[in-house]
Every structure is written in structure tokens, then in C-alpha cells.
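Worksheet: the structure to be examined is printed underneath.
Each value in this text was obtained by applying a stated rule to the coordinates, not by laboratory testing. All values reported here derive from a predicted model rather than from experimental measurement. Ideal geometry is used to build each Cβ from the backbone, glycine not excepted, and the neighbour counts take in all protein chains shown.
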Amino acid sequence: MTDSEIHNMKKFKRTALAIAAALGVCAVAGCSNASSDNGSGDGLEKITFMLDWTPNTNHTGLYVAQEKGYFEDAGLDVEIIECAEAGAEASVADGTADFGVSFQDYLVPAFAAEEDSQLPVTAVAAIIQHNTSGIISLKEDGIDSPKGMEDHSYATWEMPIEQAIIKKVVTDDGGDYDKINLIPTSVEDIKAALSSTIDAVWIYYAWDGIACELQGMDTNFFYFKDYSPELDDYSPVIIANNEFLENNPETAKKFLEAVSKGYNYAIENPDDAAEILVNANEGLDLELCKASQNWLADQYTADADKWGVIDQDRWDAFFGWVYDNGLCEIDIPDGFGFSNDYLPQ
């Protein structure tokens, strides 16, 4: 499994189209709720949770909560399902799922719309406190900062927001974005790509960066957030259906309390948590999951007071940057689209 399976180019394009379609459907018909019939037959409240892609260490806390009985202790029967073709954002908005995994950049088209057309979802928890994405390259190419991308090739999926991010970090580092050779391609194998005509690839370090380490690759890597604070967006987050939150606030709080316990367990017991993830999902590589889990143990909460909290200044800064750079037509209001109210107090 590669980074493209977590945050890949094709899904980004599909998500944008699905959100646009969902905006129209929700505006005309309203959005139903996946748990309109909350009973599971055993006295537990049924909740459906949709992943953003295939299971990986971004999701470990959910599987820990399930395996350790945290959900059941909270009176919940939680079904974890993989992402639908429409995407988690549209599926949570239309009530196919109550909760799901998204990314702040994916939520731009959901929120940058007229009030009666906004996608009815809210980010209720940050899975990882800081944006851990950036650019990886072979050390021999000397790309040890954004400016170093000059006169090198970069694998682009040709999305305006993606290319604007690259341009910003390169420019902020004193480089010339126009000197980068943009090669449109979807990278499925980081090692193979960097051994071909591609010099630089966008990855999330927790997965592909760790995988490259395990493969013995000698690489350079830089984080976007280290060069442009506005790009320290929340990636990924847990989103919830607004109707569900309005009608079931206490259930939402119980769910997030159990999820929080799961991620805190993964922080304290990364090896065991990785084994729980692998045991629940056939095909995952245990060595990679353990290495990734140990790396993420310091990233889930990082410098925040507790797991899951979203800082409004950082949330607003990213959306503000998106609007200021013409990447959306409507300025998303400060504080819009997220809530810390459902996290354990």
C-alpha cells in the first residue's frame, strides 16, 4: 500500500466531483441520517464510520477502540467501512455514514459555498495534530529544501490547490516555481518513481516516508508546514453529519470519547496497537505498521493539550490562504466547519 492509497490524486479529483454533486442533492432534498434507526438489536446504538481509503495507521485508534471494547462500553455498535466511490465527505453529508475521515483541503469545496448549499458536515476531531505531508526525494538529487526543487521534476496530479502549495513553499524559500519540471502522473510506487524520471514526490511521512526508510532508501524530506505556517492544515480529521450531531449530541460525545481512548492507547502502546490494526485488516504489513505506529505515537497529539483538539487560528489560516490565492470563490468564515465541543472534556 502506498501513499496514493491514503491521499491519492485520483481520489482528490473524485472527491471534488462527489462533493459538487452532493451539494446539489442536499440543497434540493435535504440529507438523511445513517442512524435514523439507531438500534442494533442488542441494545447498542448503531454508528457507521467511513474511512477515507483502505485501513492504515491513520485509523488505528478506531480499531483499538473496537477491539478493546471501548465502543461497546459506551453503548455503541460501530461499523467501520471503507470509502465509498462517492468519497467519505459526500457519504457523511448524505447520511450514508454518521462519521468519516476527511482532510481540511478536501473540505474547501464543501464549505466555500452559499449558506444553503454548504455540505452539512463538521470536523469534530483532528486525528493527527499537524500536517505531516511534504516532499521526498533521493538524497543524491540535493533537494533538501523547497528551493532545491528548481531544475528538478515533480510528480503533479494537476490540482490547483496542490500546485499552489508547491508554488508557495518554493517561493517562500526564495526559489522559482517556474523552474520546476511538472510531470503529470499518479505515483503508485515511490521507490520506482524516484528511480525513474521523477525527482520529487508529495507524500505523508508516516506511511511512505517510513516505508522508504524500511527499504533502505537514502532520501531528503521537507514538511510544507516548516516553510509556510498557513499550510499546517489538519490532515486528516474526523467529520460528522450535522443532522446526526444536532439530534444525537450525547451519542457523538460517547463515540469520540471511545475513539480518544483508542488513540491514546495507540500512543502509549504503539506495537500492540499496530498488531490490532493488522489483525483486523488482512494484507497490511506488520513491520511497516509497527514502524509507522511508533512514529505516529508522537504525532497524534504532539503539542496539543489532548488528542483531537482543533486550533481555530490554524484552521482559519489555511482556509484564509486558500481564499486569498483564488482557490475558492467564497471566503469561509472564521471558525466555520469544525467543533471541539464533542471531544472529552
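One table, with the values for the structure above:
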| quantity | calculated |
| --- | --- |
| Potential lengthening between Ile81 and Thr54 on full extension [0.36 nm per residue; Cα-Cα distance subtracted] | 8.8 nm |
| Separation of alpha-carbon centers, segment 140-162 and segment 204-267, rounded to whole Å | 24 |
| Loop-located trypsin sites (Lys or Arg not before Pro) in segment 248-345 whose Cβ has at most 15 other Cβ within 10 Å (DSSP) | Lys306 |
| For segment 220-275: rounded, prolate or oblate by the Cα gyration tensor [a/c cutoff 1.5] | oblate |
| Mean residue ellipticity (222 nm) of the chain, computed from DSSP H runs ≥ 4 via -39,500 (n - 2.57), nearest 500 | -11000 deg cm²/dmol |
| Within the chain: Cβ-based charge dipole about Cα centre, in debye rounded to nearest 20 (Lys, Arg +1; Asp, Glu -1) | 260 |
| Share, in percent, of DSSP beta bridges within the chain that are antiparallel, nearest 5 | 60 |
| Extension gain (nm, one decimal) between Glu158 and Ser339, 0.36 nm per residue minus Cα-Cα | 62.0 nm |
| Sites Glu72 and Ser196 - FRET efficiency at Förster radius 30 Å, r taken between beta-carbons, to 0.05 | 0.05 |
| Cα gyration tensor shape of the chain, rounded if a/c is under 1.5, else prolate or oblate by comparing a/b with b/c | oblate |
| Placed amide H near Leu138: partners under 5 Å, 5+ positions off or other chain | Asn220 |
| Global geometry of segment 206-319, whether rounded, prolate or oblate, following the gyration tensor of its Cα atoms and the 1.5 cut on a/c | oblate |
| Net length gained if the chain between Asp151 and Asp298 were fully extended (0.36 nm per residue, minus Cα distance) | 49.4 nm |
| Cut-off 13 Å (backbone N to label point 7 Å along Cα→Cβ of Ile330), residues of segment 114-136 | 114-121 |
| For the chain: relative contact order, % (alpha-carbon pairs under 8 angstrom, 6 or more apart) | 26 |
| Inter-site label distance for Asn247 and Ile183 at 7 Å from Cα along Cβ, in nm | 5.1 |
| The chain: DSSP helices with Cα axial extent of at least 27 Å and average Kyte-Doolittle hydropathy no lower than 0.0 | 9-29 |
| DSSP-assigned coil residues among GluC sites (Glu not before Pro) in segment 41-92, each with at most 11 further Cβ atoms within 10 Å | Glu85 |
